[in-house]
1. Quick check on the range 279-299. Is at least one of its residues free of Cβ contacts under 8 Å to residues at least 60 places away in the same chain and more than 23 Å from residue 85 (Cβ to Cβ)?
2. Given the options 44, 107, name the one that is within 27 Å of residue 270 (Cβ to Cβ) and either outside any strand (DSSP E or B) or more than 22 Å from the chain's Cα centre (by Cα) (or both).
3. Please specify each residue of the range 280-334 satisfying the condition of being part of a helix (DSSP H, G or I) and within 16 Å of ligand 2 (Cβ to nearest atom).
4. Any idea how many residues of the range 62-80 are within 20 Å of residue 30 (Cα to Cα) and surrounded by fewer than 21 Cβ atoms within 10 Å (Cβ to Cβ)?
5. State which residue is surrounded by the most Cβ atoms within 10 Å (Cβ to Cβ) when the search covers only the range 265-316 and only residues that are more than 15 Å from ligand 1 (Cβ to nearest atom) and under 18 Å from residue 31 (Cα atoms).
6. Among the residues of the range 265-279, is there at least one that is under 17 Å from residue 327 (Cβ atoms) and part of a helix (DSSP H, G or I)?
7. Scan the range 231-244 and tell me whether some residue there is buried (at least 20 other Cβ atoms within 10 Å of the Cβ), assigned by TED's automatic domain parsing to the domain that holds residue 274 and closer than 18 Å to residue 152 by Cβ.
8. Restricting the range 175-212 to residues that are away from ligand 1 (no atom under 16 Å from the Cβ) and crowded, with 18+ Cβ neighbours inside 10 Å, which is nearest to residue 151 (Cα to Cα)?
Ligand SMILES: Nc1ncnc2c1ncn2[C@@H]1O[C@H](COP(=O)(O)OP(=O)(O)OP(=O)(O)O)[C@@H](O)[C@H]1O
Ligand SMILES: [Mg+2]
């Protein structure tokens, strides 16, 4: 099969055009050539012909020119809260089959407040929250500290730092002001869950969706009540001193089953398909809460959470990519 890969590379963006004072994580979500090459290699190993379509306008031009039979989508898109919906929307319009979720799920999941409203309405527990567009809104906030502040529609820990956990009004005000000005979008303020943290890998679609495994992110240098799986942790070259990844979690089967159920219920509520990674964190009393769903989980070999999870449960990177592909082909009947 001719399979086009849709992707956005960090190198496609001109960081120097941003000017001084811009946050250094603005392109954090975008991929490196090594990830695209790894996916292409896996597809070719199955006898497929991978085509590198790129992202944005180039993606549209290449798609029309090369007419692949399937698009393997890892493109984060550019510019808005609907950016992850761009590639699946173009494919849908042109009638070209595409892996991963449809445009609606992509857009709703990227906007964390929208995603929380949808999962909450399906009965999935999630921390209480407010979407703050103007700093004055903080006056009327009726949430219990500690609170957590993060950009409303970013991923890959953009804007997520240790100081995103705010203990009082002055810390919150300072953090929200910084986020509003750095990212130019609303800020999600939500109640902080000070318990254990997990990310759950799910494959499949609709009634066929199933949990592959949960992975616990275990803090080694910080008490769990203060821990943030932040950009500082992820970028630390000595991250092994700060965290350990346990997949499957070293916890009682019943506890893990509860966490996985929250993740699967959220995945189904958001109508996610083919693959997703759901972040779940327990509150101080141990009750698991939905934090966010990634319908386009990063696929960088040896780096992205889902790739690390796959490694730890004894499955290969090739198996990860082929599991996504096979699930999509079964769904699409191609
Ligand atoms: N309400 C919360 N309570 C406790 N911790 C939180 C909360 N929201 C976020 N965090 C912490 O911040 C981290 C990043 O938050 P989140 O997953 O929402 O951001 P992200 O940038 O979309 O993540 P990813 O890197 O998975 O794309 C979480 O893994 C968790 O450690
Ligand atoms: Mg996350």
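1. No, the conditions are met nowhere in the range 279-299.
2. 107
3. Initially, the range 280-334 is screened for residues part of a helix (DSSP H, G or I), giving 305-312, 317-332.
The answer is 305, 306, 307, 308, 309.
4. 4
5. The extreme case among them is 301.
6. Taking the range 265-279 and keeping what is under 17 Å from residue 327 (Cβ atoms), we get 267-268, 270-278.
Filter once more, so that each one left must be part of a helix (DSSP H, G or I): 267-268.
The answer is yes; a qualifying residue exists.
7. Scanning the range 231-244 turns up at least one residue that is buried (at least 20 other Cβ atoms within 10 Å of the Cβ), assigned by TED's automatic domain parsing to the domain that holds residue 274 and closer than 18 Å to residue 152 by Cβ.
8. Looking at the filtered set, the residue picked out is 180.
The values are calculated or read from the model by the stated rules, or taken from the named source; none is laboratory data. Just so it is clear, the structure is predicted and the values come from calculations on it, not from any experiment. Positions of Cβ are generated from backbone atoms using ideal geometry, with glycine treated the same way; all protein chains shown enter the neighbour counts.
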